[in-house]
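Report on one structure; see the data block that follows.
What follows draws every value from the coordinates through simple rules; no lab data is involved. Everything numeric in this text was worked out from a predicted model, so none of it was measured. Neighbour counts are summed over all protein chains in view; Cβ atoms, including those assigned to glycine, are modelled from backbone coordinates with ideal geometry.
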Amino acid sequence: MLTTFPLPASVGDAPSDLRLGREMIAAWRRDGVVQVAVDPVRAQRAVTAMTAARRFFSMPLEYKARHVSPLSYSGYAASGEDGAEVFTVCKDVPEGDIRVRERWPCHGPVPWPDPEYRLAMRAFMDELGGVADRLLRLAALGLGLACADELTRLTADGWHRVRALHLPARSAGAASGHPAHGLVAITVPDETGGLYVRRGGRWSFARPDPNTLAVFPGDVLRFLTGGLLPSPLHQVASLGRDRYALTYFHEPSFEAELRPLGGGAPLHYGTHVTKTFMARYPDREATRRIREEGRLEVLGRLRDAASVP
């Protein structure tokens, strides 16, 4: 049974916020994941986004395969390994934006299937972005940082994204286990769950409560805390039926240079996320263009600029 926390409407420096932050940090360290309660109105945005995802995944493969960005990692992808298919919504950057014209890796417009899908996913991202900011303020308090906004300041112009997953019933059993990315990852499984978390060398079923969100510390938060907060592997299992899940990743700015809270070598977020996507999708056109069009050199210049005091 996961620990479920209430989510305050705002987070300041009240004793109750400090206590909640400390309890959340302790639960993350113990279980690797917590649940936060949301009211039915906010939960409806997740339902609307899930409905849009189901509708898209029900379309013919030929239609779905047309919605792939050649510039970023937004859009559709299917896996022959476990039968899973995903639609990723990365930062939606218009083609006329200077970052696209200057060939920044991973930057480009999202190949939205239709306006309804775009509206549903943007509303979902906006809602969970607010949830994530409050969680990061609680985490900062729980970690004993000097300022409650020590972590949220990293997310200005954040490279937030959503991953919609469909795991067919015919699948071998589960989507590949993977760690959470970003500062925090917030997962919304479908109505029957199917979310498993790797703890103590085995997979544990994370039974969902109604109107809750599952929240994982991401790999960036693990880096910032020097491993104090884990980023455990998790996966969605088919359990003999079609399964769906949405995961929102709350991310730093692409240009951000991140330093561990306790000191140590920095991490350039744009380099980190680009290498992560290139490794995950070695055959995507976006990966080929990064390699062939000098986009890694552009990334190097961004990294050098971020390191200037």
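Using a Förster distance of 35 Å, how high is the FRET efficiency between E62 and E255, based on the Cβ-Cβ distance and rounded to 0.05? Please report the intermediate quantities before stating the final value.
Details: r = 38 Å, r/R0 = 1.07.
Rounded to the nearest 0.05, the efficiency is 0.40.
Where the centroid of each part is defined by its Cα atoms, how far is the stretch 101-166 from the stretch 6-73 in Å?
Cα centroid of the stretch 101-166 versus Cα centroid of the stretch 6-73: 10 Å apart.
Can you give the charge dipole size of the chain about its Cα centre, rounded to the nearest 20 debye, using +1 on the beta carbon of Lys and Arg and -1 on the beta carbon of Asp and Glu? Provide the component values of the computation, followed by the final result.
On the way: 39 positive and 35 negative charges, 126 e Å.
With Lys and Arg at +1 and Asp and Glu at -1, about 600 debye.
Please report the antiparallel percentage of DSSP beta bridges with both residues in the stretch 63-167, rounded to the nearest 5. Show your work: numbers first, answer last.
On the way: 10 of 11 bridges.
Roughly 90 percent of the DSSP beta bridges within the stretch 63-167 come out antiparallel.
Positive end of the dipole of the chain, charges at C-beta (+1 Lys, Arg; -1 Asp, Glu), about the Cα centre: which of Y248, L136, T276 has its Cα farthest in that direction?
My answer, from the dipole projection, is T276.
Report the relative contact order of the stretch 39-111, percent, no decimals, based on alpha-carbon pairs under 8 angstrom and at least 6 residues apart. Could the numbers behind the result be given before it?
Working: 83 pairs, mean separation 19.2, N = 73.
Computed over the stretch 39-111, the figure is 26 percent.
Grab every C-alpha pair in the stretch 4-306, bin the distances at 20 angstrom width from 0 up to the longest one, and report whole percents.
34, 60, 6
If you line up the Cα atoms of the stretch 60-161 on their principal axes, what length do they span on each, largest first, in Å?
Projected onto the principal axes, the Cα atoms of the stretch 60-161 cover 52, 35, 28 Å.
Output the relative contact order of the stretch 4-306, whole-number percent, from Cα pairs under 8 angstrom with separation of 6+ residues.
So the answer I get is 22 percent.
Mind checking the full-extension length gain between R118 and L145? Use 0.36 nm per residue of separation minus the Cα-Cα distance, one decimal, nm.
Values: separation 27, 0.36 × 27 = 9.72 nm, distance 3.68 nm.
Fully extending the segment from R118 to L145 adds 6.0 nm.
Return, ordered by residue number, the residues of the stretch 48-75 whose backbone nitrogen is under 12 Å from a label point located 7 Å along Cα→Cβ of R280.
In the stretch 48-75, the label zone of R280 (backbone N under 12 Å from the point 7 Å along Cα→Cβ) covers 73-75.
Order these by the 10 Å Cβ neighbour count, fewest first: T88, T247, T4, T212. If you can, show how the numbers build up before the last one.
Numbers: T88 23, T247 26, T4 15, T212 18.
Arranged by neighbour count, lowest to highest, T88, T247, T4, T212 become T4, T212, T88, T247.
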